[in-house]
Amino acid sequence: MSDELLLVNARQVVTCAGPGRARRGSEMADAAIREGVAVHVRGETIVDVALESTLREAHPGAALVDCERGVVTPGFVDSHTHAVFGRARYEEQELRASGVPYMEIARRGGGIHASVRDLRARDEDELFALARRRLAALAASGVTTVELKSGYGLSLDDELKMLRVIRRLADALPMRIVPTWLGAHEVPLEFRGRDGGRREYVDRLIHEMLPAVAVERLARFADVFCEPGVFTVDEAREILVAASAAGLGLKLHADELTSGGGAELAASLGATSADHLAAISDAGIEALAGAGTVATLLPATMLFLGKREHAPARRLIDAGVPVALATDFNPGTSPTTNFPLVLTLGVSQLRLGVAEVLVAATVNGAAALGLADRTGQLAPGFSADLALWAIDDARELPYWLGGGRCHASWTRGKPCHPRDLELAFSR
Ligand code: NIG
Ligand code: FE
């Protein structure tokens, strides 16, 4: 059988073609949308995006994929998720609505602590089965690359358990999976409320957990939840400096609810991304721009928490900071696998243009994972990571509020989300 595919009969192909690095400023306003072209894939790689008649003639042996006048995009890169968890945390939603803030719920032993209690009681097989279903839902929303964080274990054994589940998922599923160690997601309850407990946990992170994660190569990145009440800027610096020395790339949950110097810290350490940033300061914006750190914005989280503030996406882009968009899929603050909904929020709440949200979801998401040289765009030599949508125009991607479902997708040239016949017939 030929390992060549030709995606033909597409109304539009959103290529996002250009340099294999994060896009900034006006570069984000061009998603390089083409018409009349086909995509030629050989094995795991895109060979060409060119005039359909030329490619059909040149490759008569290639298997044809009929795009039925739909739109082809690069597969989306969801560069920030906590998709490995046990049970849902629906009980917190009403509490917040009645006026109890997110951080107060955590102070009472709920929030992340509730997910930690739950995850510690489950075994690897259970967590694998739960996450597998959730990743299938992400794939059905056009995601072909996903970052998965640990951070609901918060002990050596439970963090390693989570990361091993992530490794199993990476081996079993067609999606490209990038593992991140987030042992510093919270100070666990058994270390809180006693003298020296926080310090002891930070020491455990650095001297016990990190070496174990590094030795087994269980993570590509390290992340810290840097926020008053969780980890301070000084603690985050100490943990990330050690992680960098152990060979991990750096990410940071920064300035999510309060402006506290998190973005400045991420920039000063040369972090690959700084995430959330709803409360980023002007100095933080300037620092990110200078460092080239990707700002990963998570508007579904602010929506779900009922906040009116959003990250200053326009000011970030105008300052030259590369912006990515991600779901932050997690049981506490963003229980959604709907990636196109994030694009909708990108336009309607963050006030970006359609091309900007498309670049943020693809090339810049890939850059937030250090992968912009291999995925995020449809161009010769890039990985064959594609999504096909049963729509007439790329502007429909952020338009169908909560409705965006992908018709089919491929990662490394292999089916990732199987062709959705129901959608084909309902169009
Ligand atoms: O990105 N902010 C910290 N971590 C997650 C929430 C985790 C949770 O509440 O379970 C976030 O929003
Ligand atoms: Fe997060």
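The values are calculated or read from the model by the stated rules, or taken from the named source; none is laboratory data. Note that the coordinates shown come from a computational prediction; the quantities given were computed from them, not determined experimentally. Virtual Cβ from ideal backbone geometry, glycine too; neighbours counted across all protein chains shown. Heavy atoms of the whole protein, side chains included, go into the accessibility calculation; ligands, DNA and RNA do not. Shrake-Rupley method; radii C 1.70, N 1.55, O 1.52, S 1.80 Å.
Here is how the numbers come out for the structure above:
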| item | result |
| --- | --- |
| Sites R419 and R395 - FRET efficiency at Förster radius 22 Å, r taken between beta-carbons, to 0.05 | 0.40 |
| Sites matching GluC sites (Glu not before Pro) across the stretch 25-94 that sit in DSSP coil, with at most 12 neighbouring C-beta atoms within 10 Å | E35 |
| Rounded if a/c under 1.5, otherwise prolate or oblate - the stretch 339-394, Cα gyration tensor axes | oblate |
| For T45, distant residues with modelled amide H under 5 Å away | A384 |
| Within straight-line cross-link reach of K414, lysines at Cα separation under 27 Å, skipping those fewer than 8 residues along the same chain | K149 |
| Between helix 233-245 and the chain: long-axis angle, C-alpha atoms, 0 to 90°, nearest 10 | 60 |
| Hz values of 3J(HN,Hα) by residue in the stretch 193-203 - Karplus curve (6.51, -1.76, 1.60), Gly and Pro given as x | x, 9, 4, x, x, 4, 4, 5, 5, 4, 4 |
| Values of log10 I(q)/I(0), in the order q = 0.10, 0.13, 0.14 Å⁻¹, for the stretch 77-367 under a Debye, Cα-only, solvent-free model | -0.47, -0.83, -0.99 |
| CD proxy at 222 nm, helix term only [per DSSP H run n ≥ 4: -39500 (n - 2.57); per residue of the chain; nearest 500] | -9500 deg cm²/dmol |
| Residue list for the stretch 405-421, given a label point 7 angstrom along the Cα-to-Cβ vector of A136 and an amide N cut-off under 11 Å | 418 |
| Taking the stretch 77-367 and dividing mean pair separation by its residue count, relative contact order in percent (alpha carbons under 8 Å, at least six apart) | 17 |
| Separation of the R314 and H207 label points, Cα + 7 Å toward Cβ, nm | 5.1 |
| Extension gain (nm, one decimal) between E94 and A172, 0.36 nm per residue minus Cα-Cα | 24.4 nm |
| Assigned charges on the beta-carbon of Lys, Arg, Asp, Glu; the stretch 349-427 dipole about Cα centre (debye) | 160 |
| Within the accessible area of the chain (1.4 Å probe), percent carbon and sulfur | 52 |
| Loop trypsin sites (Lys or Arg not before Pro), the stretch 170-237, which have at most 10 other Cβ atoms in a 10 Å radius of their Cβ (DSSP) | R194 |
| Linear extension gain, R198 paired with L51, 0.36 nm per residue minus alpha-carbon span | 46.9 nm |
| Those trypsin sites (Lys or Arg not before Pro) in the stretch 61-124 that DSSP places in a loop and that have at most 12 other beta carbons within 10 Å | R108 |
| Rounded to 10°, Cα long-axis angle of helix 282-291 versus longest principal axis of the chain | 60 |
| Surface per residue (accessible, 1.4 Å probe) for the chain, Å² | 37 |
